[in-house]
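Engineer: Submitted below is the structure of interest, expressed as structure tokens.
The values are calculated or read from the model by the stated rules, or taken from the named source; none is laboratory data. Since the structure is predicted, the reported quantities are computational estimates derived from the model, not experimental observations. With ideal geometry, Cβ positions are generated from the backbone for all residues, glycine too; neighbour counts draw on all protein chains shown.
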Amino acid sequence: MRMIHTVRPDGVIAVDDLLFVKGAPTTAGSRILEGFEPLFSAEAVERLEKAGYPVAGISAVGEFGLDLLGEFSYQGPTLEGTRLVGAAASLVADGSVEGALNVDLNGTPRRAAAVSGVVFIKPTYGTVSRYGIIPCACSGEQVGVTARDTATAAKLLSAISGHDEKDGTSLPAEHYDYSDAGEIKGLHVCVIRELLDAASEEMRDLAEQAVQELKAAGAAVDTVSFPLVSQAATAWQILMSAETCNNISRYDGVKFGHRAASYSNIDELYINSRTEGMNLLTKAVILYGSDVLSRDRYLNCYDRSLRVRRIVAEETAKLLKDYNLILTPPCSGRDYHEYPIAEAFDRVAEEGVFSAIPNLIGIPAIVVNGIQFMAASLQENTLLSAARAVKEGSAR
């Protein structure tokens, strides 16, 4: 199932089931929020509609966006044949909608864009309001847009960006104008060797094709070592799980969503509702988050991960002083299939090595033609321009 609820038959935007759309069911792909309908729309949704992009409907996501491609949504996975795909990216790819609003928590919309051959851009943290999303990891999740081309992505991102006083993480600039018309000649791009080596042969080939297109457009490309990628992934897994554990504690079967039919006291109400309403991956994230926040583990896990975040930010900033862009695969491969949920926590952690850095330190990233670019904060126009060059070059 791709669209779990139609909002307007003439709508042109799909909205992840992680963002509020007034009057439409919003469940975060989880039974625990079954029947919940928000009383207002997310700020990003309202801004898109005011800009003339009505919402077509709600696209399916994995429970709280914690899985790889939405495979463990309460509504079921989105499949093309036997292959797993992202619901929103699939809708964009086949022209059902013009674009989509997505929440990037674990790189899921970037992965989905790579699988379906569309564009996804995750902007700098704080440039797009998080007001009206179902939160998990507030320090790193960000609203982004999926589109078939970079020009449309730039228009949609321009429409939703800018300061929002309702969001305490919002940056002060009132508006951002995005464009994919920048000059490629003279750009310096680096490819991270560790991520290239960890990807499949298909992903390495896609990266090499992108390198050739960039060189043909006048960019210089080097391969560099950045061994902190594995530490960044581990740190984000710890921080994301800890923050998710705290945020999901509000779902208890009392005020809204699923409530267990059988319980004899308040503790049983909480336990039975959560047991029935959440899947094994969500429970694993909660338990892991509780563990890293515990008295015996806080300093060695959570506090140390915050220190790693600072180090990764500093080292990435040094790298981006020498290079305009970082090029990497966004995922290990593009051929995903259904698998047992008992394997999900480890699989998501393994894939996180490709997607963690932008979430961990808040820098922007874009996926196009199956490859990923990262850039320094507020350099979305450079990302969009490079992505346009790669996409246009591959079309020749």
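Engineer: Surrounded by 21 or more Cβ atoms within 10 Å (Cβ to Cβ), free of Cβ contacts under 8 Å to residues at least 60 places away in the same chain and of a type in the set (V, I, T): does that describe V145?
Structural biologist: Details: surrounded by 21 or more Cβ atoms within 10 Å (Cβ to Cβ): yes; free of Cβ contacts under 8 Å to residues at least 60 places away in the same chain: yes; of a type in the set (V, I, T): yes.
When the stated conditions are applied, V145 passes them.
Engineer: Tell me which of these G218 doesn't satisfy, since it passes every other one: (1) buried (at least 18 other Cβ atoms within 10 Å of the Cβ); (2) on the phi > 0 side of the Ramachandran plot.
Structural biologist: Of (1) buried (at least 18 other Cβ atoms within 10 Å of the Cβ); (2) on the phi > 0 side of the Ramachandran plot, only one is false for G218: (1).
Engineer: Could you list all residues from the range 213-240 that are over 17 Å from R307 (Cβ atoms), of a type outside the set (V, I, T) and in contact (Cβ under 8 Å) with a residue 12 or more places away in the chain?
Structural biologist: E213, L214, A216, A217, G218, A219, A220, D222, S225, F226
Engineer: Sticking with this structure for a sec: Tally time: how many residues in the range 195-211 are part of a helix (DSSP H, G or I), in contact (Cβ under 8 Å) with a residue 40 or more places away in the chain and either out of contact with any Leu (no Cβ under 7 Å at 6 or more places or on another chain) or closer than 14 Å to V390 by Cβ (or both)?
Structural biologist: Residues flagged as part of a helix (DSSP H, G or I), in contact (Cβ under 8 Å) with a residue 40 or more places away in the chain and either out of contact with any Leu (no Cβ under 7 Å at 6 or more places or on another chain) or closer than 14 Å to V390 by Cβ (or both) within the range 195-211 amount to 10.
Engineer: What are the pairs, 6+ residues apart or on separate chains, where a residue within the range 266-292 that is aromatic (F, W, Y) has its Cβ under 7 Å from a residue that is not in a helix (DSSP H, G or I)?
Structural biologist: So the pair list comes out as Y270/D252; Y270/G253.
Engineer: Moving on. Which ranges mark the helices (runs of 4 or more DSSP H) fully within the range 254-331 that have 3 or more residues being among the basic types (K, R)?
Structural biologist: By residue number, 304-322.
Engineer: Right, here's the next one. Just checking, which of T150, T169 is polar (S, T, N, Q), crowded, with 20+ Cβ neighbours inside 10 Å and either farther than 20 Å from M374 by Cβ or touching a residue at least 12 places away in the same chain (Cβ under 8 Å) (or both)? Steps first, answer last, please.
Structural biologist: On the way: T169 fails: crowded, with 20+ Cβ neighbours inside 10 Å.
Of the residues listed, the single one that is polar (S, T, N, Q), crowded, with 20+ Cβ neighbours inside 10 Å and either farther than 20 Å from M374 by Cβ or touching a residue at least 12 places away in the same chain (Cβ under 8 Å) (or both) is T150.
Engineer: Checking F36 against (1) of a type in the set (A, V, I, L, M, F, W, C); (2) within 27 Å of R388 (Cα to Cα); (3) not in a helix (DSSP H, G or I), which single condition isn't satisfied?
Structural biologist: (2)
Engineer: Is it fair to say E34 is surrounded by fewer than 22 Cβ atoms within 10 Å (Cβ to Cβ) and in contact with a His (Cβ under 8 Å, 6 or more places away or on another chain)?
Structural biologist: Against the criterion (surrounded by fewer than 22 Cβ atoms within 10 Å (Cβ to Cβ) and in contact with a His (Cβ under 8 Å, 6 or more places away or on another chain)), E34 qualifies.
Engineer: Another question, then. May I ask you to list the residues in the range 98-114 that are surrounded by 24 or more Cβ atoms within 10 Å (Cβ to Cβ) and assigned to a loop (DSSP other than H, G, I, E, B)?
Structural biologist: Our first condition is that a residue be surrounded by 24 or more Cβ atoms within 10 Å (Cβ to Cβ); within the range 98-114, this holds for 99-114.
L105, N106, G107, listed by residue number.
Engineer: Sticking with this one: Would you be able to say whether some residue in the range 287-296 is over 28 Å from S30 (Cα atoms), modelled with pLDDT under 95, charged (D, E, K, R) and loosely packed, with under 15 Cβ neighbours inside 10 Å?
Structural biologist: yes
Engineer: Suppose we filter T150, T127 for residues that are farther than 30 Å from A235 by Cβ, more than 12 Å from the chain's Cα centre (by Cα) and of a type in the set (V, I, T); which single one remains?
Structural biologist: T150 is the lone residue from the list that is farther than 30 Å from A235 by Cβ, more than 12 Å from the chain's Cα centre (by Cα) and of a type in the set (V, I, T).
Engineer: To continue, here is another question. Which of the following residues is surrounded by 19 or more Cβ atoms within 10 Å (Cβ to Cβ), closer than 15 Å to N102 by Cα and within 17 Å of the chain's Cα centre (by Cα): S41, S59?
Structural biologist: S59 is the lone residue from the list that is surrounded by 19 or more Cβ atoms within 10 Å (Cβ to Cβ), closer than 15 Å to N102 by Cα and within 17 Å of the chain's Cα centre (by Cα).
Engineer: Applying the selection to the range 212-253, what residues are of a type in the set (F, W, Y) and assigned to a loop (DSSP other than H, G, I, E, B)? Please lay out each step first, then the result.
Structural biologist: Pass one, the range 212-253, residues of a type in the set (F, W, Y): 226, 236, 251.
F226, Y251, listed by residue number.
Engineer: Quick check on the range 224-267: of everything there that is surrounded by fewer than 12 Cβ atoms within 10 Å (Cβ to Cβ) and among the hydroxyl-bearing types (S, T, Y), which residue is farthest from the chain's Cα centre (by Cα)?
Structural biologist: My answer is S264.
Engineer: What residue, among those in the range 349-396 that are part of a helix (DSSP H, G or I), among the charged types (D, E, K, R) and modelled with pLDDT under 95, is surrounded by the fewest Cβ atoms within 10 Å (Cβ to Cβ)?
Structural biologist: E392
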